[in-house]
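The values are calculated or read from the model by the stated rules, or taken from the named source; none is laboratory data. Predicted model, so just to flag it, every value in this text is computed and none were measured. With ideal geometry, Cβ positions are generated from the backbone for all residues, glycine too; neighbour counts draw on all protein chains shown. Just so you know, the surface numbers come from the protein's heavy atoms only, side chains and all, with ligands and any DNA or RNA stripped out. Shrake-Rupley method; radii C 1.70, N 1.55, O 1.52, S 1.80 Å.
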Amino acid sequence: MESIFHEKQEGSLCAQHCLNNLLQGEYFSPVELSSIAHQLDEEERMRMAEGGVTSEDYRTFLQQPSGNMDDSGFFSIQVISNALKVWGLELILFNSPEYQRLRIDPINERSFICNYKEHWFTVRKLGKQWFNLNSLLTGPELISDTYLALFLAQLQQEGYSIFVVKGDLPDCEADQLLQMIRVQQMHRPKLIGEELAQLKEQRVQKTGLERVLEVNDGTGVLDEDEEDFQRALALSRQEIDMEDEEADLRRAIQLSMQGTSRNRCQDIPQTSGSHPTSEELRKRREAYFEKQQQQQQQQQALPGQLTHLCEKSSTSSEAPDRDLGDSMSEEDMLQAAVTMSLETVRSNLKTEGKK
């Protein structure tokens, strides 16, 4: 396929592409075809002048635009036919009565030129295979021998005019190569318009994909669903952090209480591991009875001391904490009693030590 010359559509120069694809090379340019068109216009003018330059038909002819070319690049069948005469080639209308009487099988021809309105394209045999060399396609389209007649019939039904190219075409590399090998085509070439639409769609899809990737990378704008998800995730993290802080606080309280218990145990003096004498036992009994009497006295005076303590706490606190003493819980009162009891034990032990 690479060896086949195939000019793609540019502007409205389909007649130029048609001729070059037929001859398999850059044989004609727009300037050369324009020159042929001007020559045909001059020949027509001269024929009209034979009827008199003052006639109404001649003046009307001069006012009309050229029928052989226009500013868009379109060229008439006369221009194409004259261009092919340079190479000894002739065009015959495929569905004309004269050609139909010949009963020639299309597969036995070498090439066709097809026209619909202002578009021209070539169908040519290269080697032993037929190819549609339409300049509106992205590449040559392989046509099987069995499909060729059906393809031409379909073009006629669509309104195309088909011309058979008679004569010897110039030698070309593609024809020589394809005489030795046969090609296979896996995918039919698209129309150039279809390819452009597909490329545009791919660019749109690529742009959409890049936006999604930017959002996932955190560099784009999140939509509402993603924003809601991010907010829910942030709240969940905050709740986890609060739970962790509460767990740390509970562990700290437990450790503090364990430390207090150890301190209390350390405040109580340990007894000696040796066996006491009778004199020591007598002193301990006396101290024990004295301690029992003191504890009874202290327990009798405890309510008054607690009341005094609460009043003192009430007067030393700020206004929002004045009700603290009045609403002291039983646990707080028990703690105060234990503290005073420990102070009494310490004083008793000091007294024993002095004795």
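Can you give the FRET efficiency to the nearest 0.05 for LEU177 and TYR99, using r as the Cβ-Cβ distance and R₀ = 25 Å?
On the way: r = 31 Å, r/R0 = 1.23.
My answer for the efficiency is 0.20.
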Task: Of the GluC sites (Glu not before Pro) in the stretch 95-194, those whose Cβ has at most 13 other Cβ within 10 Å and which sit in DSSP loop - done: GLU158
Open item on the list: When 1/r is averaged over all different Cα pairs and the result inverted, which Kirkwood radius in Å belongs to the stretch 45-162?
Closed with: 16.9 Å
TODO: Could you tell me which trypsin sites (Lys or Arg not before Pro) in the stretch 39-98 are loop residues by DSSP with no more than 15 other beta carbons within 10 angstrom of their beta carbon?
DONE: none
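How many percent of the accessible area of the stretch 1-129 is carbon or sulfur, using a 1.4 Å probe?
Result for the stretch 1-129: 50 percent of the exposed heavy-atom area is carbon or sulfur.
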Task: Contour minus Cα-Cα distance for SER29 and GLU286 (0.36 nm per residue) - done: 78.8 nm
Open item on the list: For a Förster distance of 35 Å, can you work out the FRET efficiency between the beta-carbons of LYS128 and MET46, rounded to the nearest 0.05?
Closed with: 0.15
Task: Pairwise label distance in nanometres, SER144 with SER161, each label 7 Å out on the Cα-Cβ vector - done: 3.3 nm
- [ ] Give me the net charge of PRO65's neighbourhood, meaning all other residues with Cβ under 11 Å from the Cβ of PRO65; Lys, Arg count +1, Asp, Glu -1.
- [x] -3
